[in-house]
1. Using a 1.4 angstrom probe, figure out how much accessible area the range 44-95 has per residue, in square angstrom, rounded to the nearest whole.
2. Once you have a ≥ b ≥ c as the square roots of the Cα gyration tensor eigenvalues for the range 19-91, tell me rounded if a/c is under 1.5, and otherwise prolate or oblate according to whether a/b is larger than b/c.
3. Step by step: find N for the range 43-140, compute 2.2 N^0.38 Å, then divide the Cα radius of gyration by it. What's the final number?
4. Set Lys and Arg Cβ to +1 and Asp and Glu Cβ to -1, take the dipole of the chain about its Cα centre, and tell me which of LEU122, LEU53, ILE76 lies farthest positive.
5. Please report, to two decimal places, log10 I(q)/I(0) for the chain at q = 0.12, 0.14, 0.15 Å⁻¹ as given by the Debye formula with identical point scatterers on the Cα atoms and no solvent.
6. Can you compute the equivalent ellipsoid semi-axes for the range 53-94, i.e. the square root of 5 times each eigenvalue of the Cα gyration tensor, sorted largest first and rounded to whole Å?
7. Just to be sure I understand the rule: take each whole DSSP H helix in the chain, project its Cα atoms onto its long axis, keep it if the span is 30 Å or more and its mean Kyte-Doolittle hydropathy is at least 1.0. Which ones pass?
8. Beyond 21 Å, how much of the Cα-Cα pair distribution for the range 103-181 remains, as a whole percent?
Amino acid sequence: MSSKLVPQETKPQPRANSAFKQLWSMHAVMATCYLLLLLGGFWMVKMPDNTPLRGNSYTLHKSIGVLTIGLLTWRIFILQRVWWRKYTRRLPKFTGEWIRRFLLHTAIYLFMLAVPLSGFFLSNSYKSGNVPFFWLATLPDIFPQNAAVVDFAGDLHFWIAYTFLAFIVLHAIDQRKYVRSLWRRTTQALKKSSLS
């Protein structure tokens, strides 16, 4: 028989621009942003008041916070597309494992929004017009300037950020197989590049 007459079984290839791949790309970008925010925030709190780069570090920190809100909005739209494609075909099995993961991810998404919003609250309470975006523009205030709540806003931002960090650790534990494989691939790539 001619191969033209026999139907060829082909596996559908995932599209390079699929919503799922976009979601994973956003995951990597946003994880990097939040890592920079958490490390930068920890470093800024320890920084003496008379440090020359203090103002620039706060501008960078706030700018990345603003960027994360925009990225989060985009990520939620992509997530909705993934859910639409996945769950219009069939509903999920509402097992205990599915519910646990759903609640963990919902909490993480809420904290991804709460951390930068609490930063806005702190910055706006301290001074009006105090949230720059990469030295290009200043964002309008969301909250009014109020010196009476600055200490509360600072504590709120601190505790929300560190609670978010705890949820990130829980997420990493939940995804430990993926984290281990990612670590293994990264160390192998670094070894190969150092041998070159």
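1. Accessible area per residue, the range 44-95: 72 Å².
2. prolate
3. So the range 43-140 has a normalised radius of gyration of 1.47.
4. Value computed over the given set: ILE76.
5. At q = 0.12, 0.14, 0.15 Å⁻¹ the computed log10 ratios are -0.78, -0.99, -1.08.
6. Working through the eigenvalues yields semi-axes of 38, 9, 4 Å.
7. Qualifying helices: 19-46, 150-174.
8. I get 42 percent for the Cα pairs in the range 103-181 exceeding 21 Å.
The values are calculated or read from the model by the stated rules, or taken from the named source; none is laboratory data. Owing to the predicted nature of the structure, the values given are computational and were not obtained by experimental measurement. Here Cβ is always computed from backbone atoms with ideal geometry, including for glycine, and neighbour counts include all displayed protein chains. With ligands, DNA and RNA removed, areas are computed over all heavy atoms of the protein, side chains included. Shrake-Rupley method; radii C 1.70, N 1.55, O 1.52, S 1.80 Å.
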